[in-house]
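Notes for the one structure printed next.
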Amino acid sequence: MYKKRPHTQLTFDGFNQPLGLTMNPENRWVQKASLLPWEELEEEYASLFKSEKGNVAKPFRMAFGSLLIQKEYDYSDEELVLQIQENPYLQYFIGLPGYQDEKPFDSSSLVHFRKRLTAEKLAHINERLLAFHEEDDDDDDGNQSDTLSDGDSESQQKTQGEDETPSNKGTLMIDATCAPSYIKFPQDIVLLNDARLHAEKIVDDLCETYGSPKPRMYRRKARKDYLRIAKKKKKSKKIIRAAIRKQLGYVKRDIRYIEHLQEQGAVLTEEQAIRFYIIQRFFEQQDYMYQNKTHSVPNRIVSFSQPYLRPIVRGKAKTPTEFGAKVDISQAAGFLRIERLSFEAFNESVDLIPAVKRYKERTGHYPERVLVDQIYRTRENRAFCKKHTIRLSGPKLGRPKKDQTVDKQVESQDNRDRIQIEREFSLAKRCHGLGLIRTRLATTTLTSIALSIVSLNLSKIQRDFLCAIFREVFLAPIELFYQSEASSFEKLSFVQ
């Protein structure tokens, strides 16, 4: 159940500071707390709890704020709880009424936080956060528009009346990347050895539970065969293939033992049934690749602890193949949104048209230009952009015509601007946890990826907020001084 608590901590002054503790109201976590619409988001979070019985869940601000802190510093669950216990600013950010020298929650609660805040809910929170930021910007623009003269307002109304259909405005950038998970590099011989160990564990548990004698499984011989190939520094294809054949035989024998025990009346537990299903599917894939002398198979399993992960071929120099979720991200007005998120490798070109349509739903108009790489420049996407007078970056398909003229300056500017989304990927992977996902479950892995995007957008909003304060406090008085003096610096603008 969820119990709404009165908002006792509305301002920084309301935070209970013990004697001798003096906190800085300009701290970044205090400022971040003021940039989030906590009350509106809590209303939606409370709707997840239908029952009115049971233990009272932790508040939304504590759950969401703790996950944001974890993304910012890349703490483990245990370390995060200790850091919050020791830092009063972090305690203020997660909504505690005052500083306390005790753990606000147990580290195991973070798993429940990630399960409740799914990737879909975090995408909605991200949209609400950006909308809340845009509303503040609109209020500022509205205050400035009040100072316009009557003649200016009349001229604006006339121009708006003439242009009934809004023209294309803004820039939309789309690109895909991979969020790699924290697993060891998969090798067939290593995975087969893991499958053998898991199968032997199931056989031992079933024999112990039902009192059956343990069958002969040649464990020591299988272990020696694995170590013989694992310790070799140089392995030829012939040696690897022979070792895989032996391990396939051991795994196949263990699968027959488990099936024989089931025929005799043994019943697998839920955990054992899931593990046995993964072993069977993995054996079928490895046997298929061995028989057909290939290294690719659909839905290839690369980890027993995380069987939902798939190899994502990215073609990078450092890591040509990554193992994790593939995410298609769009950037508009400096902020990121997840357009598609999946563990399966997909063709991201089909996401361009839906992303452009969602851009129109948010802003009321199509973008003036769409900056993408080559994979998005399909005939269908080009026809769609041409129909709605959207300039798609990049050269046209086919051979260039003799009389074709190319604006090299515009093309060069598009290429320079498109680098911005690559910078955002780098920043998200270096500073917001997108570079290495450490969660184990499929749902929590998707949550962790979505949290990285929300954390990055929140940091950009905070940066814009600080820049606006700097302009207002420091640069605006200087500009007004030179304007009032009517000196030679009158046309000089200190604010870009």
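The values are calculated or read from the model by the stated rules, or taken from the named source; none is laboratory data. What you are looking at is a predicted structure, and each value in this text was computed from that prediction instead of being measured. FYI the Cβ positions are ideal-geometry reconstructions off the backbone, even for glycines, and counts take in every protein chain you see.
Tabulated results
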| item | result |
| --- | --- |
| Some residue of region 321-341 being assigned to a helix (DSSP H, G or I) and under 30 Å from Arg440 (Cβ atoms) | no |
| Total residues in region 90-115, condition buried (at least 17 other Cβ atoms within 10 Å of the Cβ) and closer than 17 Å to Leu446 by Cα | 3 |
| Candidate set from region 357-403 (those that are of a type in the set (A, V, I, L, M, F, W, C) and under 12 Å from Lys169 (Cα atoms)); member that is surrounded by the fewest Cβ atoms within 10 Å (Cβ to Cβ) | Ile390 |
| The listed residue being of a type in the set (Asp, Glu), in the same structural domain as Val327 (by TED's automatic domain parsing) and over 28 Å from Val313 (Cα atoms), out of Glu380, Glu422, Glu348, Glu368 | Glu368 |
| So Leu261, is it surrounded by 19 or more Cβ atoms within 10 Å (Cβ to Cβ), assigned by TED's automatic domain parsing to the domain that holds Ile449 and touching a residue at least 40 places away in the same chain (Cβ under 8 Å) | no |
| Single residue of Lys58, Lys71, Lys50 found to be under 29 Å from Phe132 (Cα atoms) and without any contact (Cβ under 8 Å) to a residue 12 or more places away in the chain | Lys50 |
| Residues of region 414-460 classified as closer than 23 Å to Met173 by Cβ and either free of Cβ contacts under 8 Å to residues at least 12 places away in the same chain or not hydroxyl-bearing (Ser, Thr, Tyr) (or both), total | 32 |
| Some residue of region 191-205 being surrounded by 14 or more Cβ atoms within 10 Å (Cβ to Cβ) and in contact with a Leu (Cβ under 6 Å, 6 or more places away or on another chain) | no |
| Single unsatisfied condition, Lys326 versus (1) touching a residue at least 40 places away in the same chain (Cβ under 8 Å); (2) touching a helix residue (DSSP H, G or I) at 6+ places or on another chain (Cβ under 7 Å); (3) not aromatic (Phe, Trp, Tyr) | (2) |
| Check on Gly394, outside the structural domain of Leu110 (by TED's automatic domain parsing), under 28 Å from the mean Cα position of the chain (by Cα), without any contact (Cβ under 8 Å) to a residue 40 or more places away in the chain and in a loop (DSSP other than H, G, I, E, B) | yes |
| Residue within region 32-41 that is farther than 30 Å from Leu436 by Cα and either touching a helix residue (DSSP H, G or I) at 6+ places or on another chain (Cβ under 8 Å) or part of a loop (DSSP other than H, G, I, E, B) (or both) present | yes |
| Options Thr294, Thr363; residue that is of a type in the set (Ser, Thr, Tyr) and farther than 30 Å from Leu458 by Cβ | Thr294 |
| Of all residues making up region 318-363, the number that are of a type in the set (S, T, N, Q), within 22 Å of Arg128 (Cβ to Cβ) and touching a strand residue (DSSP E or B) at 6+ places or on another chain (Cβ under 7 Å) | 2 |
| Filter pass, Tyr210 being under 30 Å from Arg340 (Cα atoms) and surrounded by 12 or more Cβ atoms within 10 Å (Cβ to Cβ) | no |
